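Working notes for the structure below.
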Amino acid sequence: MSDIETRLTKLRDEINYHLYRYHTLDDPVISDAEYDHLLNELRTLEEEHPEYITPDSPTQRIGAEPLSIFEKVNHPIPMTSLGNAFDDADMRSWLARIGRILPDGVTVADLEFVVEPKIDGLAIALTYENGLLVRGATRGNGTVGENVTPNIRTIKNIPLRIPAKSNGLEPPQRIEVRGEVYMPIAEFNAFNKAQLEKGDRVYANPRNFAAGSLRQLDSKITAQRPLAFFSYAIGYVEGADIQTQQQALDYLNELGFPVNPDILHTGDMESVLDFIHTWMERRNQLPYDADGAVVKIDSFDLQEQLGVVGNAPRWAIAYKFPAQEATTKLLAVKGNVGRTGQITPYAELEPVNIGGVTVSQATLHNYDDVAKKDIREGDTVVVKRAGDVIPQVVKPILDLRPADSVPVQPPERCPVCDEPTSRQGDDVALFCINAACPAQLVRQIEYFVSRAAMDIEGFGIKIGEQLAVEGLLHDIADIYFLERDQLLGLEGFAEKKADNLLTGIEQSKQQPFDRFITGLGIRYVGSTVSELITAAFPSIDQLSQASQADLESIEGVGPRIAESIVAWFSRPANQALIEKFRQAGVTLASAKPAGGDDTPQSLTGLTFVITGTLPTWSRNDAKEFIEQHGGKVTGSVSKKTDYLVLGENPGSKANKAESLNIPTLDEESLRKLGRTAKSA
Ligand SMILES: [Zn+2]
């Protein structure tokens, strides 16, 4: 082997190991920067020596050339489906049935069971030869599936080579690992939220999203979807002696596959049932969508003797959780107005109990979706909720539709301010573009004062709400006309708080022009676009007179963005808003280019992890703040973490930080630390 090959092999092994630490164990041992450094070295070397690129190289996780069709693959051992049980009685009769056909000398009392969560995702089979992932296939019809190997490679907790950790274990000559590809609920909700903001398509549930992502002919798209994997079975293995399901799970774990931590091994059916019931109760707290539990007879020997009936094994059964669906009456379709003015339809429902939770509202995504599903007021509808996913209307029951029902029309006027609504281009999203719309106001204020925009210290969302409710703010420019006496009359405002707020507001008048433009919250105009357009049109007068064509001539500004900017400035109400800012003395033109960054590098050498909801900053704001001050942010807590930035409703990271005695900071103390810690 040449020196280059040796170095490449070492790099790949190292990076694959760190991926395993990060994505499977959630316990990284190096920083993100160190990781990036390794990956960069590998990338550069591979670019220089493409002949040495191997299929297990972590650089291959970004996706490959698009396919025109998926190749069909035969499963050497069919991927069977399972019989179902719907209650405890079904489970007991399953056990009784088995009892009658057990081999001589074995009784029901001798049986051992393994209970696993049934994750609502997609079953796949992964084939490894001498440790190398050579194929990933979907279940398909159980006998024939589809070859989705390039997509499988993009899933970060699927090892490209096993063992994924250096434990001295020799890889088996050949192994087929089975498991479920799924979309974590948090990622699913975040993705849908972002899609809604953009006015793009949303997915009905995590399973559809996982399926749509895994079956992309272009694996580069799959690579951008945060899919995850749990392994739960071995299809076959050559070169290892595995006798029970529990041994199989232990072996998979040893090889570095993710195995669900919530698994019970017991000899007692009552414990099995208890376990399943406990699970059912906490199903809405799980980070994934589980629709049941799978109970398997532990011994492979017994599994074989019990055999298969039809195409379902006798030795396993799926205990299905009660459906998280119900039917109820849709009373009205209403519109909710978001910060960008987007109007999202939602359903008011006759309250209905779904899986122990009373649901009286459900999302309808957008008006095109309502039309496509032909959902109408007065309909009896199927409503679904799963896990933490927002309840949604699945479909109307047409047989029960009242004779006089009419299709839902998208509102022509904003449900809150009664100004005309608009669609931009052929987008599915509907908007209220009145900047003074009260529904948008609080969310606009929150955005205007945020770190990405005017960065007004001490101006949190609660203050924004309070001022709007008290009638002191009617638009975002009113911030600059607040008076000390007005503030002192409010609950919770002592002199110091009022003065600090006013100082922060006063200082924000000097913020760079592009931040001001960002703060206006014009659709599609975030900080990047603001920088581009203020560079081309360095004053508010130039910008507000720019034509669609002028704006489109800026590199990075497309027709959609240009149209949105022109539409915003063409509204008289928005022009009036600009005049108020001008009167207030807010900077409405670009200054000469600033001479370098003078933010103190006070957090240099410190590593932070952020969890939970912070009072005024988004996590991204906090991350930006830390990085601007020279600190580092990583995704999970380890011994190398210096501080945990802790917001409300933190995740498991908080417990981990506590167990490692890592100090925590709230948002305010983080700011303080940024201002006062050692200087670089
Ligand atoms: Zn409105």
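Structure summary
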item	result
Order by protection proxy (mean Cβ within 10 Å, highest first), peptides 276-283, 307-314	276-283, 307-314
Equivalent ellipsoid semi-axes - Cα gyration tensor, the range 185-306, angstrom	34, 20, 11
FRET efficiency for residue 25 and residue 262, using Cβ-Cβ distance with R0 set to 25 Å, rounded to 0.05	0.95
Heavy atoms of residue 531 accessible to a 1.4 Å probe, total area in Å² rounded to 10	110
Distance between the range 246-275 and the range 130-149 - C-alpha centres, whole angstrom	24
Dimensionless Rg/Rh of the range 332-485 - Kirkwood Rh, Rg from C-alpha atoms	1.06
0 to 90° range, to nearest 10: angle between helix 572-584 axis and the chain longest Cα axis	70
Rounded percent of accessible protein surface that carbon and sulfur make up, the range 448-539, 1.4 Å probe	49
Cα-centre dipole for the range 433-594 with unit charges at Cβ (Lys and Arg positive, Asp and Glu negative), debye to 20	140
Residue 399-residue 332 FRET efficiency (beta carbon distance; Förster radius 25 Å; 0.05 resolution)	0.70
Cα long-axis angle, helix 667-676 against the chain (0 to 90 degrees, to the nearest 10)	70
Kirkwood hydrodynamic radius over Cα pairs of the range 22-144, then Stokes diffusion coefficient at 20 °C and 1.002 mPa s, in µm²/s	107
Residue order for 616, 344 - accessible surface, 1.4 angstrom probe, largest first	616, 344
Kirkwood hydrodynamic radius of the range 607-676, from inverse mean 1/r over distinct Cα pairs, in Å	11.8
Mean Cβ neighbour count within 10 Å, used as a protection proxy, ranking 570-582, 138-150 highest first	138-150, 570-582
Global size of the range 325-400 as Cα Rg and Dmax, reported in angstrom	11.9, 38
Test item: Cα-centred dipole of the range 513-655, Lys/Arg +1 and Asp/Glu -1 on Cβ, debye	480
Calculated P(r) tail over 47 Å for the chain, as whole % of Cα pairs	28
Tilt relative to the chain, helix 438-448 - C-alpha long axis, 0 to 90 degrees, to 10	90
Paramagnetic reach from residue 89 (point 7 Å along Cα→Cβ, amide N under 19 Å) across the range 317-360	318-323
Residue 394 long-range amide H proximity, modeled H, under 5 Å	382, 383, 384
Taking only Cα atoms of the range 433-594, radius of gyration then Dmax in Å	15.9, 51
Peptides ranked, highest mean first, by Cβ atoms within 10 Å: ranges 68-74, 518-524	518-524, 68-74
Potential extension, residue 481-residue 412 segment - 0.36 nm per residue separation minus Cα distance	21.5 nm
Extension gain from residue 13 to residue 67, taking 0.36 nm per residue of separation minus the Cα-Cα distance	16.6 nm
Taking the range 3-62 and dividing mean pair separation by its residue count, relative contact order in percent (alpha carbons under 8 Å, at least six apart)	41
Mean Cα-pair separation over length for the chain, i.e. relative contact order, pairs under 8 Å, 6 or more apart, %	10
Rounded to the nearest 20 debye, dipole of the range 59-105 from Cβ charges on Lys, Arg, Asp, Glu	80
Projected area, mean over directions - the range 83-320, Cα convex hull, nm²	14.0
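The values are calculated or read from the model by the stated rules, or taken from the named source; none is laboratory data. This one's a predicted model, so the numbers in the text were calculated from it and none came from an experiment. No Cβ is skipped: glycine too gets one built from the backbone with ideal geometry, and neighbour counts run over all protein chains shown. Heads up: the accessible areas ignore ligands, DNA and RNA and are worked out on the full protein's heavy atoms, side chains in. Shrake-Rupley method; radii C 1.70, N 1.55, O 1.52, S 1.80 Å.
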